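What follows is a single structure, written as structure tokens, with notes after it.
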Amino acid sequence: MNGVRKAQTSPARSRFRDEDLPGYLFMAPWILGFLLFTLGPTLASLGLAFTKFDLLSPPQWIGVDNFTFMFTQDQRFWNALRVTFVYLLLEVPLKLAFALAIAMAMDKGIRGGDLYRALFYVPSLLGGSVAIAVLWRQLFQGDGVVNQVLLWLFGVQGPSWISNPETSLYTLVILAVWQFGSPMIIFLAGLRQIPAELYEAASIDGATRWKQFWRITLPLLAPVLFFNIVFQTIEAFKAFTPAFIISGGTGGPVDSTLFYTLYLYQEAFAHFRMGYASALAWVLLVIIGVCTTLSFLASKYWVFYEDER
Amino acid sequence: MSAEAGPGQVGSEPTIVGVIARHVLLIAGSVLMLYPLLWMLASSFKPEAGIFSNLSLIPPSLNPKNYIDGWNALEVSFSRFYWNSFLIAILVVIGNVMSCSLTAYAFARLRFRGRNILFALMMMTLMLPYHVTLIPQYVLFLNIGWIDTILPLVVPKFLAVDAFFIFLMVQFFRGLPRELDEAAKIDGCGPWRIYWMIILPLSKPVLATAAIFSFLWTWNDFFGPLIYLNDISRYTVPLALRAFVDSTGTSAWGQLFAMSTLAIAPIFLFFLLFQRLIIRGVAMSGLKG
């Protein structure tokens with residue numbers, strides 16, 4: 001009652017106060033969850049990163065030893081970084097290229113567009129599921145489907161792609177690229193917002209399709225493209241299940257599929273080096289943070305939003 | 001000629017040849033995309049010896065032997081794993097929809113001090129890789145005796161830890177006309193009744209989207225159960241599949257494919273039923289992101 005009257009006399013300030021209590025009540029689950037499961041653990045893992053901790057005895061402060069060891073002596077750390085970056089640098093551009101190409105092929109006035117969209121999206125629906133990793137393991141093994149097809153088409157006997165360290169990582173890249181459905185749908189939504197008149201005007205002026213792509217489609221799609229790059233990059237850093245299932249949890253053969261996350265998992269839950277794993281987690285956080293910041297800075301030069309013009 | 005037909009076609013009518021070329025490309029593409037899945041389905045009906053030599057998508061007969069053998073191949077039957085997976089997924093759906101909609105309502109509609117800072121914090125958690133919180137969370141759950149129960153997988157969801165859904169709902173709630181709230185307020189409705197009787201009933205699409213994605217992601221999740229569940233009787237379907245791979249190696253592909261097919265069957269069912277919501281949800285996450 002009182003609040004209502006106050007609101008009428010000085011609307012802005014007192015209404016603010018009125019909704020404080022309900023605001024915090026509605027927010028209570030989130031605030032509790034944030035403190036218990038996000039902020040608390042994040043700070044705790046920063047602390048643990050400077051300790052030696054095996055779960056059995058209390059954490060033991062060792063200063064920056066975890067980081068010195070990681071950067072100067074830990075070959076597997078550097079290898080995991082290399083594997084992750086090779087994977088990411090191949091997977092993200094290829095996935096986005098397929099996503100954009102297929103989105104453009106099914107954009108505008110093609111019959112059955114919705115059906116195609118659904119069919120191409122199906123693999124992405126299955127995400128990092130174990131079932132798909134199991135299937136992949138069969139497809140790319142020595143007598144798997146891929147080699148059967150190669151034999152049938154070209155008469156060549158292919159190697160066992162998953163047990164050869166030279167090729168094993170690429171089978172995971174193919175798996176990820178196969179699941180290009182999400183960025184494809186996002187591209188499609190973006191393409192549908194580009195006014196058709198732009199293309200009409202351009203073609204009257206004699207612009208080729210190639211030119212229209214570079215001068216109209218790509219610039220107007222830049223915000224969507226940027227979102228896809230950032231999002232897919234973060235996802236690629238987090239990839240875990242396919243590598244785990246296909247390599248039987250080892251990241252093998254000879255660590256060729258040892259993703260950063262897989263290495264972190266092994267350190268934490270196979271060797272119970274919780275302090276070291278926390279340090280690895282924080283290094284990952286910093287790497288992702290730096291990559292995201294850099295892409296935001298770079299985006300100033302190539303991404304322009306509608307309302308900025 | 002086909003130059004006029006492709007994507008972003010030139011204003012005038014696309015040529016027939018161009019349209020056919022696009023259809024050919026799209027059909028060939030979808031066949032290639034779906035072949036591995038269809039082959040897995042077909043192979044799950046083939047006798048063990050016939051799987052590798054056979055690229056065909058038509059099994060010789062619809063013999064359910066692999067399904068029956070696979071279902072009971074581990075010491076605990078897949079009925080149990082299905083129930084475990086289903087229970088976790090349903091609880092996560094309930095938790096996410098309840099807690100995230102409460103939070104999103106506060107962000108979208110209530111004005112309270114510190115709201116902007118809290119919103120910024122919430123957005124930051126979207127970017128945070130779960131690895132950073134993983135180990136302290138594990139230690140916490142270990143200390144309160146929750147390891148090898150489903151609680152670590154479920155309880156946090158009741159505290160709105162999935163910021164993505166909050167974000168999705170805030171976007172949606174903001175799009176609802178404020179006049180409705182104002183009118184209800186004049187009629188003497190408090191925030192709770194506005195949330196319960198006005199906002200929620202109008203927000204079925206976004207609530208359904210959140211529920212569907214919660215279910216799909218939880219159903220597929222491997223990492224969480226891998227860390228928190230130890231006893232085979234508590235395994236989810238993905239964990240059971242992994243145990244199946246480890247125990248049979250490469251000797252029982254037919255059964256393995258049968259169980260893999262069953263593992264992803266609910267996902268397909270969801271897609272058939274809720275295709276529109278799923279696709280719109282994906283598109284929404286990318287626009288205005």
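The values are calculated or read from the model by the stated rules, or taken from the named source; none is laboratory data. Just so we're clear, the structure is a prediction, and the values are computed from it rather than from any experiment. For neighbour counting, all protein chains shown are included, and Cβ atoms are generated from backbone atoms with ideal geometry for every residue, glycine included. Quick note on the areas: whole protein, heavy atoms, side chains included, nothing else; ligands and nucleic acids left out. Shrake-Rupley method; radii C 1.70, N 1.55, O 1.52, S 1.80 Å.
Rundown of residues vs (1) of a type outside the set (S, T, N, Q); (2) under 30 Å from residue B:48 (Cβ atoms); (3) in the same structural domain as residue A:170 (by TED's automatic domain parsing), yes/no style:
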| position | (1), (2), (3) |
| --- | --- |
| A:57 | no, no, no |
| A:67 | yes, no, no |
| A:81 | yes, no, yes |
| A:91 | yes, no, yes |
| A:112 | yes, no, yes |
| A:126 | yes, yes, yes |
| A:131 | yes, yes, yes |
| A:146 | yes, yes, yes |
| A:152 | yes, yes, yes |
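Can you name the residue in the range B:275-289 that is farther than 15 Å from residue B:216 by Cα, open to solvent by 30 Å² or more (accessible area, probe 1.4 Å) and at the interface with chain A (Cβ under 7 Å from one of its Cβ atoms) and is also modelled with the lowest pLDDT among such residues? That would be B:289.
Filtering the range A:51-61 to residues that are open to solvent by less than 50 Å² (accessible area, probe 1.4 Å) and either within 21 Å of residue A:288 (Cα to Cα) or touching a Ser or Thr at 6+ places or on another chain (Cβ under 6 Å) (or both) leaves nothing.
Select from the range A:226-237 the residues that are open to solvent by less than 40 Å² (accessible area, probe 1.4 Å) and facing chain B (nearest Cβ under 10 Å) and write down the one among them that is farthest from the chain's Cα centre (by Cα). Ranking the candidates gives A:226 first. Considering the range B:115-198, the qualifying helices (runs of 4 or more DSSP H), each wholly inside and each with 3 or more residues that are farther than 30 Å from residue A:52 by Cβ and touching a residue at least 24 places away in the same chain (Cβ under 8 Å), run over B:115-127, B:163-175. For the range B:17-59, the tally of residues that are without any contact (Cβ under 8 Å) to a residue 12 or more places away in the chain and small (Gly, Ala, Ser) stands at 6.
Scanning the range B:238-271 for residues that are part of a helix (DSSP H, G or I), modelled with pLDDT under 90 and either open to solvent by 40 Å² or more (accessible area, probe 1.4 Å) or of a type outside the set (Val, Ile, Thr) (or both) yields B:246, B:247, B:253, B:254.
Here is the figure for the range B:63-108: residues that are assigned to a loop (DSSP other than H, G, I, E, B) and among the hydrophobic types (A, V, I, L, M, F, W, C) total 3.
A single entry from A:195, A:223, A:242, A:253 fulfils the requirement of being more than 9 Å from chain B (Cβ to nearest Cβ) and over 20 Å from residue A:90 (Cβ atoms): A:195. Beta carbons closer than 9 Å, at least 6 apart along the sequence or on distinct chains, pair a first residue in the range A:74-94 that is open to solvent by 60 Å² or more (accessible area, probe 1.4 Å) with a second that is in a helix (DSSP H, G or I) and among the polar types (S, T, N, Q) for A:76/A:266. Residues in the range B:128-150 that are under 21 Å from the mean Cα position of the chain (by Cα), within 18 Å of residue A:40 (Cβ to Cβ) and open to solvent by 30 Å² or more (accessible area, probe 1.4 Å): B:128, B:130.
Mind checking whether some residue in the range B:76-86 is open to solvent by 50 Å² or more (accessible area, probe 1.4 Å), free of Cβ contacts under 8 Å to residues at least 40 places away in the same chain and of a type in the set (D, E, K, R)? Checked against the condition, which is being open to solvent by 50 Å² or more (accessible area, probe 1.4 Å), free of Cβ contacts under 8 Å to residues at least 40 places away in the same chain and of a type in the set (D, E, K, R), the range B:76-86 yields no hits at all.
Identify, please: which residue in the range B:196-236 is over 29 Å from residue B:283 (Cβ atoms) and away from chain A (no Cβ under 14 Å) and is, among those, surrounded by the fewest Cβ atoms within 10 Å (Cβ to Cβ)? Ranking the candidates gives B:231 first. Restricting the range A:21-50 to residues that are among the aromatic types (Phe, Trp, Tyr) and part of a helix (DSSP H, G or I) leaves a set whose member that is surrounded by the fewest Cβ atoms within 10 Å (Cβ to Cβ) is A:24.
Of the set (1) open to solvent by less than 20 Å² (accessible area, probe 1.4 Å); (2) β-branched (Val, Ile, Thr); (3) part of a helix (DSSP H, G or I); (4) at the interface with chain B (Cβ under 9 Å from one of its Cβ atoms), all apply to residue A:171 but (4). Does residue A:114 satisfy being buried (at least 20 other Cβ atoms within 10 Å of the Cβ) and within 13 Å of residue B:26 (Cα to Cα)? Against the criterion (buried (at least 20 other Cβ atoms within 10 Å of the Cβ) and within 13 Å of residue B:26 (Cα to Cα)), residue A:114 does not qualify. Screening A:303, A:283, A:290 for residues that are β-branched (Val, Ile, Thr), crowded, with 16+ Cβ neighbours inside 10 Å and modelled with pLDDT of 90 or more leaves exactly one candidate, A:283. The condition (being in a loop (DSSP other than H, G, I, E, B), within 23 Å of residue A:43 (Cα to Cα) and not small (Gly, Ala, Ser)) is satisfied by just one residue among A:272, A:237: A:272. Scan the range B:233-263 for residues that are of a type in the set (Val, Ile, Thr) and out of contact with any Phe, Trp or Tyr (no Cβ under 9 Å at 6 or more places or on another chain) and jot them down. Those that are of a type in the set (Val, Ile, Thr) and out of contact with any Phe, Trp or Tyr (no Cβ under 9 Å at 6 or more places or on another chain): B:245, B:248, B:250.
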